[in-house]
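Right, one structure below, let's go through it.
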Amino acid sequence: MTNNPRVPLIKAHARSGGRPVVPGSSLKGAIRSIVEAISPSCLRITRARRNQLPQATAGCRDEKNLCVACRMFGSLGYQGQVRFSDAVLRKGISTGWVEMPALYAPRGRAGLYFERGQVKGRKFYRHGRPATGNTPVEACPPGAVLDFTVQFENLQPAELGLLLIALGQGEPKLYPKLGGGKPACYGSVEVRITELEVFEEMEAAYADYDAAAVTQDWQPYLEAAIGSDLVLAPQLKELANLLRLDAGRTCPEGNY
């Protein structure tokens, strides 16, 4: 229930154990979409038909010949090497509610997404000043902090660097967007990594329950990624321009 008699119902925030969270699957999907866009990877989730996709971008089908995104995040019959925990709202911070525009399912077949029978590219939403509407939604307040961890196994240095870039740790910096309110400029986040721990000898880690990880600087991994063929520089630059914070940009009002 809300305190506003005009809006007796509200769309509740996702919760786990009674705590507001962003599900790990949502985090993983958002970061995977960035990795796909800035690396030579397939387009795994799309409503477009295979013949409408640019060459070599249709979803991987051979688990022995996967693109870097499918190797890292998983594919049909392949678990992947990266796992995300739920992002839990830090204690002492309370959710509130906002009135946002009504959102409708994307029109995946709309002509504006196609050019000469093929999709124009990947779809990302810009940051800006959130739009208002008449749909009450429970939301985390501006500046809220949510804590999560990312676990990875058997990543090459350049692959770990690619993951770090997608998490917004490189230059140019990327600011991911989360949640269903992205079209109305909600869901803007900044990821801040507090620590990177690596087991240098995985056999010892598996054999010893108390094996300690080594804290490492992540700059060398970023450099390994930028110096490799895993990061497509033009695409990274273009996406960074799309995902830059822009508090002065106003999202259009009304239903989407």
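The values are calculated or read from the model by the stated rules, or taken from the named source; none is laboratory data. None of the values given here were measured: they were computed from a predicted structure. Ideal geometry is used to build each Cβ from the backbone, glycine not excepted, and the neighbour counts take in all protein chains shown. For the accessible areas, the whole protein counts, side chains as well, though only heavy atoms, and no ligand, DNA or RNA atoms are used. Shrake-Rupley method; radii C 1.70, N 1.55, O 1.52, S 1.80 Å.
When the residues of the stretch 121-166 are filtered to those that are touching a strand residue (DSSP E or B) at 6+ places or on another chain (Cβ under 7 Å) and of a type in the set (Asp, Glu), which remaining residue is farthest from Arg44 (Cα to Cα)?
If we take residues in the stretch 121-166 being touching a strand residue (DSSP E or B) at 6+ places or on another chain (Cβ under 7 Å) and of a type in the set (Asp, Glu), then Glu138 is farthest from Arg44 (Cα to Cα).
Could you tell me whether Pro142 is without any contact (Cβ under 8 Å) to a residue 12 or more places away in the chain and more than 24 Å from Phe73 (Cα to Cα)?
Yes; evaluated as a whole, the condition is true for this residue.
Could you please find all residues in the stretch 109-128 being at pLDDT 90 or above and among the hydrophobic types (A, V, I, L, M, F, W, C)?
Phe124
Among Val231, Val198, which is the only one that is at pLDDT 95 or above and surrounded by 14 or more Cβ atoms within 10 Å (Cβ to Cβ)?
Val231
Identify all residues within the stretch 121-136 that are more than 11 Å from Tyr186 (Cα to Cα), open to solvent by less than 80 Å² (accessible area, probe 1.4 Å) and over 20 Å from the mean Cα position of the chain (by Cα); write none if there are none.
Gly133, Thr135, Pro136
Determine if the stretch 129-150 includes at least one residue that is touching a Phe, Trp or Tyr at 6+ places or on another chain (Cβ under 6 Å) and at pLDDT 95 or above.
Yes, the stretch 129-150 contains at least one residue that is touching a Phe, Trp or Tyr at 6+ places or on another chain (Cβ under 6 Å) and at pLDDT 95 or above.
Filter the stretch 55-86 down to residues that are surrounded by fewer than 19 Cβ atoms within 10 Å (Cβ to Cβ) and not in a loop (DSSP other than H, G, I, E, B), then give me how many there are.
Total meeting the criteria: 3.
The rows are residues; the columns are (1) of a type in the set (S, T, N, Q); (2) at pLDDT 95 or above; (3) under 15 Å from the mean Cα position of the chain (by Cα); (4) on the phi > 0 side of the Ramachandran plot.
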{"site": "Gly18", "(1), (2), (3), (4)": "no, no, no, yes"}
{"site": "Ile31", "(1), (2), (3), (4)": "no, yes, yes, no"}
{"site": "Arg50", "(1), (2), (3), (4)": "no, no, no, no"}
{"site": "Gly59", "(1), (2), (3), (4)": "no, no, no, no"}
{"site": "Arg90", "(1), (2), (3), (4)": "no, yes, no, no"}
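Do you know which of the residues in the stretch 162-190 that are within 13 Å of the chain's Cα centre (by Cα) and among the basic types (Lys, Arg) is farthest from Met72 (Cα to Cα)?
Lys182
State whether one or more residues within the stretch 167-178 are assigned to a loop (DSSP other than H, G, I, E, B), basic (Lys, Arg) and touching a strand residue (DSSP E or B) at 6+ places or on another chain (Cβ under 8 Å).
Among the residues of the stretch 167-178, not one is assigned to a loop (DSSP other than H, G, I, E, B), basic (Lys, Arg) and touching a strand residue (DSSP E or B) at 6+ places or on another chain (Cβ under 8 Å), which makes the answer no.
Mind checking which pairs have a first residue in the stretch 49-77 that is farther than 25 Å from Lys120 by Cβ and a second that is of a type outside the set (Gly, Ala, Ser) and open to solvent by less than 20 Å² (accessible area, probe 1.4 Å), Cβ under 7 Å, 6 or more apart or different chains?
Close Cβ pairs satisfying both conditions: Met72/Val35; Met72/Val82; Met72/Glu159; Met72/Leu163.
Only one of these conditions is not met by Val150: (1) among the β-branched types (Val, Ile, Thr); (2) open to solvent by 60 Å² or more (accessible area, probe 1.4 Å); (3) closer than 23 Å to Ser33 by Cα. Which number is it?
Val150 satisfies every listed condition except (2).
Among the residues in the stretch 100-110, are any of a type in the set (Ser, Thr, Tyr) and in contact with a strand residue (DSSP E or B) (Cβ under 8 Å, 6 or more places away or on another chain)?
Looking for residues that are of a type in the set (Ser, Thr, Tyr) and in contact with a strand residue (DSSP E or B) (Cβ under 8 Å, 6 or more places away or on another chain), one finds none in the stretch 100-110, hence no.
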